[in-house]
Amino acid sequence: MEDVLVLKDHKTVPDIVHEYEPTLKFGHIPLVIDNGSYQCRVGWSINDEPNMIFKNLIARPRKDRCKKDAEPPVTPPIQIGNDIINIEAVRFQLKTQFDKNVVTHFEVQEQVCDYIFSHLGIDNEGCVPHPIVMTEAFVTPNYSRQLMSELLFEAYGVPAVSYGVDSLFSMYKNDIGDSALIVNCGYHTIHIIPVIKGKVFAEYARRINLGGSEIICYLHKLLQLKYPVHVNAITMSRIEEILHEHSSIALDYQEEIRKWASPDYYEANVKRIQLPFVQSTSSSGLTAEQQKERKKEMARRLLEINARKREERLAEDEEQLNQLLAIQDLIEDGDTDEFNEAIKGFDIKSYEDLQRQISNLNMRIEKNKQRIAAAANAEEMPEPKPSGRFQPPSDPEAFQVWLNDTRAKYREVVQRREARRARRAAMVRRRTAAAAERMRVISHLAAAGDDFGTRDSDWDVYKSISREADSDSEADGERLVELEEALREYEPQQPSNQHHQLHLAIEPFRAPELMFQPSMMGNLEAGLAETMEYVFKHFSPEDQLLLANNVFLTGGCSQFPGLKERLERELLEMRPFQSTHKVILAKNPSLDAWYGARDFAGSNEFENWCITKEEYYEMGGEYLKEHHASNKYYKSPAPIVDNTLAPAGDANVVKEEIVVDC
Amino acid sequence: MITECDKSYCFKVENKFIVKSGCKKRMWRSLKQILTAERALPWQNDAVLYFSINAPPTFKPTKKYSDISGLPAPYVDRHSKLYYSNVEEFATIRSLPMDITAGYLQLRGANMIVG
C-alpha cells in the first residue's frame, strides 16, 4: 500500500463582526457561552447554531525590542481566538485563561470577553444588556467563580448570570433520562459523574487529570523523538490534525500491539503521513548528469574569474613597481627635491620605506605569477577521479552487481568492527570468555620459547590481547570511509518526499490509550476504566445497574473512533456476569453542551436560575443559584482566624501534599 | 483607572482586570494556589471540592511498553533505562544519542534525578 496521507494544515478564518439586530438589542436575549478550555462557543439563545466557535487562546506579541525611535512604541495588537491565522507562528506567545479546566487568569478572560461582545456587534453604552449563561468546570473553586462574576457584573454590567456544568447540559440535551454515568472527556480532564434520578452525586464523581492536550503533547513529543530530523515540521497543530483524523482507540490494546509486532502487518497497515517539504533543487527535473555538467561549468567559470582577477592584480602591481623604481632612480640621480615631491604623492616616508615597499611588491608579483602558473597547470590536466578503487562500471547490470558487492563489503567491515568492539568490551570485564582467552594467551606468551618472533605472524598475538584500538581497526576505519563515500555517491537516491514522511504504526493507538493507561506518561492516576469501576463501587447494585445501562459519553475527546466499543468491552469485564450495560455517545460531543445550555436559556424557568445583579451584590461573587445542570453551592466558610503563626505552617504542609499528588 | 484611553469598548463599564501596559501586573493565583487556599478553609463535612474528586491512584500493575516502538517490552536497558522488546530495538537504543534517550524517559515520566 502506497497511499500517503497528506496533512491539510487547516487555517482558521477570522470571525466576522455579527450584526446586532434590534430584536437582540432590545429583546434581552440571553447569550450562551460554553467557555471550554479548548474551544469557546458563543451564540444567542434564539439561534440554532453558535455564532462563534474559537479556540480559547490569545497571542500577545512581545513588545517590539529595539524600538527607540521618535514614534511612541506601538504595542502590536493582541490576537484572540480565530484572529490567530497561523497558530504555529505565535506558539510561544499563546496564553489561555485556563489552568487545567478552571479559569484562573482573568486578564485573559476579560480580553476574550471583549472579543466575544465586540464580535457580536454589541454597541450599547456602558453595559451588555443580556443575561449570560456560562459553563464552568465541574466543582469549580468558588474563588474562580467569584472573579468571573466580578468580571461580568462589574466590567460589563450584565443584568444576570447563570452558571452550569457543560457535561450536564450535554446530558440533558441528549434526552437520555435522568440517570446516567456521564463520562466527559475534555481537553484537560476526564470527568466521571454519576447522576441518579436527576441528582448529581458529586461526592462520588471523579476527575482524571488528563485530556486532549496531554494526548497531543504526548504524541507530539513521541514523534519528535522518533523523527529528530523533522522536529520543526512536526508541529502541535499537525499532531492535532493527526489525532482528529487518523487516531482511534484500540478495542484491546494488548492484542492490537501484538499484531503490530509482525513486519507483514506493519507493512500492510502503517500510515504514511507526508510532511510538507521543499523540493530541493537536486530533483528539480535535472538529471544527475546535467547537474554534474552544471557544477563543472560553475567551477570553470569560477576559475576564470579568479584567473582574471589575478592577472589584473599582477598588472596593477607591476605598474606600481615601475613607478616606485622611477622614484628610486630619482634619488640615485641625486635629485632630492624632486624625490621628496614624489614620495608625498605615494604616502612614503623615507628612502627605507620605499625600499621595503619595492621588495614587498616584488614578492607579491612573484607569488601571483606562481599562482597563475599553477592554475594554468591545473586546467590542463583535470583533477584525477577520487577513490579510484571504487569506480562503478558503466554498464547498468554490472553496476548493480558492483553496487551489491560494495554494500556487502561495507556490511562486512562494519560487522568486523562491531565484533572487535564487542570483544574489547568483553575483555575489559572479568569472567567473560574473551577475558579468559586473553589471560590464556598472555600466560602462553610468557611461557613461549626463544623462537618467538622469528615469524612475522607471531606478532599478531599482541593484536588479540590489546585492549586498545589497533592498526587493523584503523585500516578498517579508512576503508569504511571510502566505502561509505562510494555508496553515498552511487546509491540510487530515494525520492526526497519519502524522507519527509512520518510512519505511524502503533502511535495513533498509543496516544489515545493514555486515557486508559495514564501510567504510560508517568501519571499514577487510575485510568478511565479503573476509575469507572471505582465510581460504581459506591452505589447499591440496583443503582449500579441504572448507571451501567446509561453510560453517557460526551466531550471533544470522546470522538475517538472505537472509544464506545472499548468502553463496552471494559464494562463487560468489570460488571457482574450477564448484567446489562449500554454506552451512548452524545449526538455532537463537542457542541451538545452549548445546545443544552441554549435550551436551558430558552426555558420558561430560566429567570429563576439566574443570579441577578442585586443578588450578586448581596450574596457575593461566589454565589451560585443551583439548578439541574449546575454545580452545588457551598458557601465558603470564613477562614479560621489565625492564632499566631500556626496557619502558615499548615499551609506549607498542604502545599507539600499537593506537590506529591501530581 | 477609568481614563478615556483605558476604555476601549463602548459596552464596558470599566476595564476590570486588564491593566494598561506599563502598570504593575496583577499576579494571578495558579490553580494549585487556589486549591491550597480552598483546602485550608474549614468546610462543612459534605462539601465536595475540586481536590476531593481526584481520581484514585491506580491499583493495577502498570504495563511496560517499549519506549521507541510501543510494543510490549520485557527488557530494560540497564545503561539508558529504556524499555525495549527485541534485539533490533536494543541495537537501536544503544545507538541513540543521550538527548533522545532522555527525551523518551521524560515522556514516560521516568526521568527522576534521584536514582
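In table form, for the structure just shown:
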item: Residues of segment A:145-169 buried by at least 30 Å² on assembly (accessible area, 1.4 Å probe, chain alone as reference); result: A:Leu147, A:Glu150, A:Glu154, A:Ala155
item: Rounded Å value of the spacing that divides the Cα centres of segment A:20-39 and segment A:291-369; result: 84 Å
item: Interface area, A with B, accessible, probe 1.4 Å, both sides summed, Å² nearest 100; result: 6100 Å²
item: Of all accessible heavy-atom area on segment A:245-363, the percent that carbon and sulfur account for (1.4 Å); result: 51 percent
item: Computed Rg/Rh of segment A:193-309, alpha carbon atoms with Kirkwood Rh; result: 1.31
item: Segment A:128-137 - phi-based ³J(HN,Hα) in whole Hz, Karplus 6.51/-1.76/1.60, Gly and Pro as x; result: 10, x, 9, x, 10, 9, 10, 8, 9, 5
item: Long-range amide H partners of B:Lys64 with built H, under 5 Å; result: B:Ala73
item: Phi to ³J(HN,Hα) by Karplus 6.51 cos²θ - 1.76 cosθ + 1.60 over segment A:603-616, Hz, x for Gly, Pro; result: 6, 5, 7, 3, 4, 6, 9, 8, 8, 8, 4, 4, 5, 4
item: Flagged links, alpha-carbon separation over 28 Å, of A:Lys100/A:Lys625; A:Lys635/B:Lys20; A:Lys8/A:Lys587; A:Lys613/B:Lys32; A:Lys95/A:Lys271; result: A:Lys635/B:Lys20; A:Lys613/B:Lys32; A:Lys95/A:Lys271
item: Heavy atoms of A:Glu478 accessible to a 1.4 Å probe, total area in Å² rounded to 10; result: 130 Å²
item: Surface accessible to a 1.4 Å probe, A:Val200 within the full protein complex, Å²; result: 30 Å²
item: On Cα atoms only, tilt of A:351-380 relative to the major axis of chain A in degrees; result: 80 degrees
item: Folded to 0 to 90 degrees: helix B:98-107 orientation relative to chain B principal axis, Cα; result: 60 degrees
item: Amide H partners (placed H, <5 Å) of A:Ile122, local residues excluded; result: none
item: Cα centroid separation, segment A:95-125 to segment A:526-579 (Å); result: 36 Å
item: For A:Phe552, distant residues with modelled amide H under 5 Å away; result: A:Leu181, A:Ile182, A:Val183, A:Ile584
item: Degrees separating the helix A:471-490 axis from the principal Cα axis of chain A, which is the longest one; result: 70 degrees
item: Å² of accessible area per residue within segment A:506-633, as computed with a 1.4 Å probe and no ligands counted; result: 42 Å²
item: Neighbour cut-off at most 13 other Cβ (10 Å), DSSP loop, chymotrypsin sites (Phe, Trp or Tyr not before Pro), segment A:434-541; result: A:Phe452
item: All aspartates and glutamates inside 18 Å of B:Lys12 as judged from Cα atoms, apart from same-chain residues fewer than 8 positions distant; result: A:Glu107, A:Glu110, A:Asp114, A:Asp123, A:Glu125, A:Glu150, A:Glu154, B:Glu4
item: Exposure rank, largest accessible area first [A:Val401, A:Val133, A:Val4; 1.4 Å]; result: A:Val401, A:Val4, A:Val133
item: Contact order normalised by residue count of chain A, Cα under 8 Å, 6+ apart, percent; result: 23 percent
item: Accessible surface ranking that places the most exposed of A:Glu484, A:Glu125, B:Glu89 first, with a 1.4 angstrom probe; result: A:Glu125, A:Glu484, B:Glu89
item: Accessible area of segment A:91-175 divided out per residue, in Å², using a probe of 1.4 angstrom; result: 23 Å²
item: Intensity falloff of the protein assembly as shown expressed as log10 I(q)/I(0), Debye formula with alpha-carbon point scatterers, at q = 0.05, 0.09, 0.10 Å⁻¹; result: -0.46, -0.99, -1.12
item: Exposure rank, largest accessible area first [B:Glu14, A:Glu19, A:Glu267, A:Glu110; 1.4 Å]; result: A:Glu19, A:Glu267, B:Glu14, A:Glu110
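The values are calculated or read from the model by the stated rules, or taken from the named source; none is laboratory data. As the structure is a computational prediction, the values presented were derived from the model and not from experiment. FYI the Cβ positions are ideal-geometry reconstructions off the backbone, even for glycines, and counts take in every protein chain you see. All accessible areas refer to the heavy atoms of the entire protein, side chains included, with ligands and DNA or RNA removed. Shrake-Rupley method; radii C 1.70, N 1.55, O 1.52, S 1.80 Å.
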